[in-house]
Amino acid sequence: MGFLKKLFGSRAVVQELPMGSLTVNAQGNIVASTVSSNYSRALLSDVSREVLVIFREAREAQLPLAEISIHFGSLRVTARETRGGAIIFLMPQTALLPLPTSPK
Amino acid sequence: MEVRHKVLIVDDDADWLDVCREMLSQLPSKPEIRTVGAGARAIAQLDSQPFRLLICDLKMPKMDGLQVLSIVRRRFPDLRTVVLTSLEDEEFRSRAYSLGVDLFWLKPDMQQNSKMFLDCIESLLGKESETGNAGFRGIQSKSLMDIIQLECMSRNSTVLRITRGPLVAKIWIQDGELLDAQVGNVRGEAAFQKILAWKSGTFENLAAEPLHERTITRSINALLLETAQSIDESSDVAQTEMIEKADHRKTVWRLALLAAEGAEFVVTVPPEGQGKSEAWGAHNAEQLTGWTRRAADAIKRLGDRLEAGPVSHIAGASMERRLAMLPADDKLFLVAWPPETPENELLEKTKKLVASWDS
């Protein structure tokens with residue numbers, strides 16, 4: 001018993017980048033999500049909280065923002081502030097899907 | 001006993017993997033070559049045994065090359081990486097280099113310049129000792145002048161392609177002799193001196209062009225000496241009066257640049273404790289500096305949590321303005337643009353402004 005685990009158990013765990021959208025309320029709680037459930041709720045909550053803090057602090061610095069787009073090497077995080085929180089889009093930046101800002 | 005290094009090639013095209021395997025088998029060091037067809041398998045292989053070099057395609061289904069490289073950079077910092085792709089796009093080239101790859105090579109070039117490609121791979125495999133002292137990677141502490149001197153002293157033939165933001169320059173070197181230099185519409189010695197005045201940027205070695213027209217006939221040493229003297233003279237502004245004049249000129253230049261480019265304001269933010277931030281066109285500089293630092297910290301935390309690689313830039317929008325935050329020269333630039341600025345021009349406009357900022 002368990003020989004399959006012996007055969008396949010050593011496979012490396014590769015965390016693929018999250019893809020989808022999160023709707024969060026003003027407290028940073030996730031109201032709706034299309035991101036795979038493989039990603040921990042805690043990770044996605046951290047993302048929501050950081051994004052909301054960026055929006056809030058921008059407002060406090062007299063620089064209110066309706067949208068922010070963070071371009072990482074392999075992921076783009078776009079967040080739009082809504083009346084009751086924010087919608088956050090997580091889009092892996094792959095060679096198959098070049099950035100819309102890339103030169104044509 | 002001589003150790004055979006292991007090379008891992010990842011590409012979703014099985015035929016191409018065969019071509020690579022055959023080509024790399026000609027390497028003098030006879031490395032052990034493994035091939036895999038997917039990014040996830042490559043990571044699994046790297047986890048299971050030590051490799052010296054990873055050759056990675058960019059365009060692959062599920063997990064593409066940029067994602068693989070982003071993971072590899074974090075998990076296997078000593079692994080040397082080469083991108084081999086058919087995507088002839090400068091953006092991918094700069095994104096790959098920003099992920100720390102050692103070499104970016106186009107597939108058609110690999111077949112046309114196979115000898116040069118193999119030399120590069122052999123060099124990447126060779127620079128190592130078995131004691132774990134892998135030597136130094138990168139040449140961050142070298143100036144462009146040092147690099148050119150090295151190329152010339154080694155009697156190399158190459159084309160140096162130097163990039164500073166949106167500005168691109170080329171220097172042609174043949175058998176250690178300087179043939180030509182070009183930046184924008186300027187060529188020859190004038191271009192060479194202009195390029196050497198750049199304080200930072202990235203460079204790469206392209207294939208030599210022995211038939212390129214020669215416009216520079218003076219010796220490299222004479223030219224370097226003259227350029228170094230003129231740079232020294234221009235930077236020898238010890239007297240307060242000269243510094244004040246220079247500062248004044250810089251301020252006027254920057255405000256003129258701001259107006260000419262149509263930006264609303266620029267704030268430059270150095271790392272905490274490493275100098276003061278500066279602002280042009282902004283009335284609440286302190287608040288903007290504070291927000292820029294805190295946002296950058298939050299974004300770095302996000303990137304670390306998501307394993308998404310380094311931040312290339314941040315864009316923001318509101319009814320009043322568009323914003324771009326860009327890291328450059330150890331500083332963060334926060335640039336505001338009018339709201340009607342097209343989204344697809346925001347980054348290029350900001351890069352251009354930032355590249356010209358200290359000119």
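The values are calculated or read from the model by the stated rules, or taken from the named source; none is laboratory data. Since this is a predicted model, take the numbers as computed values, not measurements. Quick reminder, even Gly has a Cβ in these numbers, built from the backbone with ideal geometry, and neighbours come from all protein chains shown. The accessibility values were calculated without ligands, DNA or RNA, using every heavy atom of the protein model including side chains. Shrake-Rupley method; radii C 1.70, N 1.55, O 1.52, S 1.80 Å.
Any idea which of B:GLU348, B:GLU320 is under 14 Å from A:LEU65 (Cα atoms), among the charged types (D, E, K, R) and surrounded by fewer than 20 Cβ atoms within 10 Å (Cβ to Cβ)?
Working: B:GLU348 fails: under 14 Å from A:LEU65 (Cα atoms).
Residue meeting the stated conditions: B:GLU320.
Considering each of B:LEU302, B:LEU306 in turn, give the residue that is closer than 18 Å to A:PHE55 by Cβ, surrounded by 16 or more Cβ atoms within 10 Å (Cβ to Cβ) and under 24 Å from the mean Cα position of the chain (by Cα).
Step by step, each of B:LEU302, B:LEU306 is checked, and only B:LEU302 is closer than 18 Å to A:PHE55 by Cβ, surrounded by 16 or more Cβ atoms within 10 Å (Cβ to Cβ) and under 24 Å from the mean Cα position of the chain (by Cα).
Does region B:323-345 hold any residues that are charged (D, E, K, R) and open to solvent by 70 Å² or more (accessible area, probe 1.4 Å), and which are they?
B:ASP329, B:ASP330, B:GLU340, B:GLU343, B:GLU345
For B:LYS276, are the conditions met, namely being open to solvent by 60 Å² or more (accessible area, probe 1.4 Å), within 21 Å of the chain's Cα centre (by Cα) and not aliphatic (A, V, I, L, M)?
On the way: open to solvent by 60 Å² or more (accessible area, probe 1.4 Å): yes; within 21 Å of the chain's Cα centre (by Cα): no; not aliphatic (A, V, I, L, M): yes.
Answer is no for this residue.
What tally of residues in region B:196-219 results from selecting those that are touching a Lys or Arg at 6+ places or on another chain (Cβ under 9 Å) and touching a residue at least 40 places away in the same chain (Cβ under 8 Å)?
9
Is it the case that region B:293-309 has a residue that's touching a strand residue (DSSP E or B) at 6+ places or on another chain (Cβ under 8 Å) and assigned to a strand (DSSP E or B)?
Within region B:293-309, none of the residues are touching a strand residue (DSSP E or B) at 6+ places or on another chain (Cβ under 8 Å) and assigned to a strand (DSSP E or B).
Restricted to region B:55-101, and to residues that are small (Gly, Ala, Ser), surrounded by fewer than 22 Cβ atoms within 10 Å (Cβ to Cβ) and in a helix (DSSP H, G or I), which residue is farthest from the other protein chains (Cβ to nearest Cβ)?
My answer is B:SER94.
Please return the ranges of strands (runs of 3 or more DSSP E) entirely within chain A where 3 or more residues are within 25 Å of B:MET63 (Cβ to Cβ) and modelled with pLDDT of 85 or more.
A:20-25, A:67-72, A:75-82, A:85-92
Go through region A:39-63 residue by residue and tally those that are out of contact with any helix residue (DSSP H, G or I) (no Cβ under 7 Å at 6 or more places or on another chain), without any contact (Cβ under 8 Å) to a residue 24 or more places away in the chain and open to solvent by less than 30 Å² (accessible area, probe 1.4 Å).
2
List pairs: first in region B:54-69 and at positive phi, second surrounded by fewer than 24 Cβ atoms within 10 Å (Cβ to Cβ), Cβ under 8 Å, 6+ apart or cross-chain?
B:LYS62/A:GLU16; B:LYS62/B:ALA38; B:LYS62/B:ALA40
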